[in-house]
Amino acid sequence: MRDDPRWRAAVRNPRPQWALYALILLLDVAVAVLILSGLVELGDWVEDMIWPGGVEWID
């Protein structure tokens, strides 16, 4: 078992692997939120160009 390269990598790297996966998931969620908020802003801008005035949902 100690000749397994995965074992040597785990011993060499003191950080838990779940922390890396959590960081990647957090970055993925942040990118998704940025893309969706950009689409909402674009939709609001298009709506203002087509029908000016009215109630603003996004300030």
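Treating each Cα of the range 17-59 as one equal point scatterer and applying the Debye formula with no solvent, the log10 of I(q)/I(0) at q = 0.15, 0.23, 0.31 Å⁻¹ comes out as -0.52, -0.76, -1.00.
Spin-label model, Tyr21 to Ile58: label points 7 Å out along the Cα-to-beta-carbon direction sit 3.4 nm apart.
Rule-based calculations on the coordinates, nothing more; no lab input. Predicted model only: the values in this text are computed from it and were never measured. Because the Cβ atoms are built from the backbone with ideal geometry, glycine has one as well, and the counts that use them run over all protein chains shown.
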